[in-house]
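Below is one structure, written out as structure tokens, with a few remarks after it.
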Amino acid sequence: MNKKSLCTLADVADLLPQLRQVRQHLHQYPELSNEESATAAFVAEKLESLGYQVTTAVGGYGIVGSMKLGSGSRSIGIRADMDALPITEQTGVSYASQFPGKMHACGHDGHTTMLLGAAAQLARSKNFSGTVHLIFQPAEEIGFNSGAERMLAEQLFERFPCDAVYGLHNHPGYPVGKMMFRSGPFMAACDTVNITVHGNGGHAARPHMTVDPILVASSLVIALQSVISRNIDPNETAVVTIGSLHSGHAANVIPETARLEMSVRSFDPQVRKILEKRIRTLVENHAAGYGARAEIEYVSGYPVLVNHDQETAFAMEVAKELLGEANVIDNLPPISGSEDFAYFLQQKPGCFLRLGNGDSAVLHNPAYNFNDDSLSFGAAYWTRLVERYLAD
């Protein structure tokens, strides 16, 4: 390993115009979970051109770019997600999505670009001794049977050994150049509940001869909030959100069924169990009280994301070196969003951190856009983290 100084923001400044082009290209051509063929091919070509050993089709469209230098025996993994969301874009930018109903509304285009920026800087500076594995993961947004799960099922860490693994997510509402950390439980477990209310349809003018599933479903939307307010300790954190309610096709027809789709978030395994038990009981009995029947599909999703103490402390130390202590936030409150990077952290020590995205729209909003001013911060940070971890 060459005895060079560690990466600074100035070292990657010349990469920024190219990184902006890459990010905006990815933004224009978003691909949903398990459809990331063009994105994966684009990433693989970039990594190959930089001299990485590239492995494709890991857990679907997953890509791993590996580089070994020097005599160091340590190895590190850095992960970025690649998939987009089924949302119609409303940003108005010149490089908006070319695919109606699909957009990068969570910033995975930025995450991928920052890691490609680090790949470029690491390849040209060659300032490490050991092995780096750059993991470009598909299907983070899908909620279950995700890209992380499938990459692990295909022996990700057996094929690409990592002593530690790191990842990040952009964070709207915090200034660009700020990094946020939390050791221990950081992001919530997420379960999906699909409820079908079976009623008895009929004429809208004769509701007494029917069992109206829309009435039952509407009542359930309110009743389900009592699970949090009356069954969960106020000192614990949990969320129940009904994100979808569909029923009927005509104003003068009471339909046969109504369908609710719900997201359930929690941080404690016992709270997670209580939520499932109470939701099942409430839904079944509530529907029965109206003379209806409820069919429940309870899908267990991502586990709680738990950062490891030592790796989080190291990641925070690197951030302070790069950005200064004033730009590093310790002990960020837990986030009720979920992340399948949690599966990686169940197998390897590591840390998942947050990077400020400025005053942008919130994640998963049609007006959201990744802030390109963050690209140099992410690229420089990942480079420096690898250099520090794989120091000779």
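Where a number appears in this text, it was derived from the coordinates with a stated rule and is not lab data. In this text, all values refer to a predicted model and were calculated from it rather than measured experimentally. Here the Cβ is made from the backbone with ideal geometry for all residues, glycine too, and neighbour counts use every protein chain on show.
Values for this structure:
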read-out	value
Size of electric dipole in the stretch 164-259: Cβ of Lys, Arg +1 and of Asp, Glu -1, about Cα centre, debye, nearest 20	200
Compactness of the stretch 208-319 as Cα Rg over 2.2 N^0.38 Å, two decimals	1.43
Rounded tilt (10° steps) of 375-389 against the dominant C-alpha axis of the chain	60
Cα radius of gyration and Dmax for the chain (Å)	23.2, 84
Convex hull volume of the stretch 1-89 per residue (C-alpha atoms, cubic angstrom)	133
If the convex hull is drawn through the Cα atoms of the stretch 192-231, its volume per residue in Å³	81
Compactness of the stretch 110-166, expressed as Rg and Dmax over alpha-carbon positions, Å	13.3, 39
The chain: angle of helix 269-289 to the longest principal axis, Cα-based, in degrees nearest 10	20
Separation of the Gln90 and Ile296 label points, Cα + 7 Å toward Cβ, nm	3.4
Rounded to 10°, Cα long-axis angle of helix 213-223 versus longest principal axis of the chain	60
From phi via Karplus (6.51, -1.76, 1.60), per-residue ³J(HN,Hα) for the stretch 97-105 in Hz, x at Gly/Pro	3, 8, 10, x, x, 9, 7, 7, 9
Reciprocal mean inverse distance between Cα atoms of the stretch 284-392 - Kirkwood radius, Å	17.4
Net lengthening on full extension, Gln310/Gln346 (0.36 nm per residue, minus Cα-Cα)	11.5 nm
Size of electric dipole in the chain: Cβ of Lys, Arg +1 and of Asp, Glu -1, about Cα centre, debye, nearest 20	280
Filter on Lys46/Lys126; Lys4/Lys320; Lys4/Lys68; Lys4/Lys348; Lys102/Lys348 - keep pairs with C-alpha separation over 24 Å	Lys4/Lys348; Lys102/Lys348
Ratio of Rg to Rh over the stretch 317-375 (Cα coordinates, Kirkwood Rh, two decimals)	0.99
Normalised alpha carbon radius of gyration of the stretch 217-264 [divisor 2.2 N^0.38 Å]	1.46
Highest-first arrangement of 165-176, 63-74, where packing means the average Cβ count within 10 Å	165-176, 63-74
Over the stretch 78-230, equivalent-ellipsoid semi-axes from the Cα gyration tensor in Å	44, 20, 17
Pair-distance profile P(r), taking every C-alpha pair of the stretch 81-139, with 5 angstrom steps and integer %	4, 16, 21, 18, 14, 11, 8, 6, 3, 0
Separation of the Asn194 and His249 label points, Cα + 7 Å toward Cβ, nm	1.9
Charged-residue dipole, Cβ positions (Lys, Arg, Asp, Glu), the stretch 37-149 about Cα centre, Debye nearest 20	580
Stokes-Einstein D (µm²/s) once Rh is taken as the Kirkwood radius of the stretch 37-118 over alpha-carbon pairs, at 25 °C in 0.890 mPa s	170
Largest-first ellipsoid semi-axes for the stretch 273-335, taking √(5λ) over the Cα gyration tensor eigenvalues, angstrom	47, 12, 8
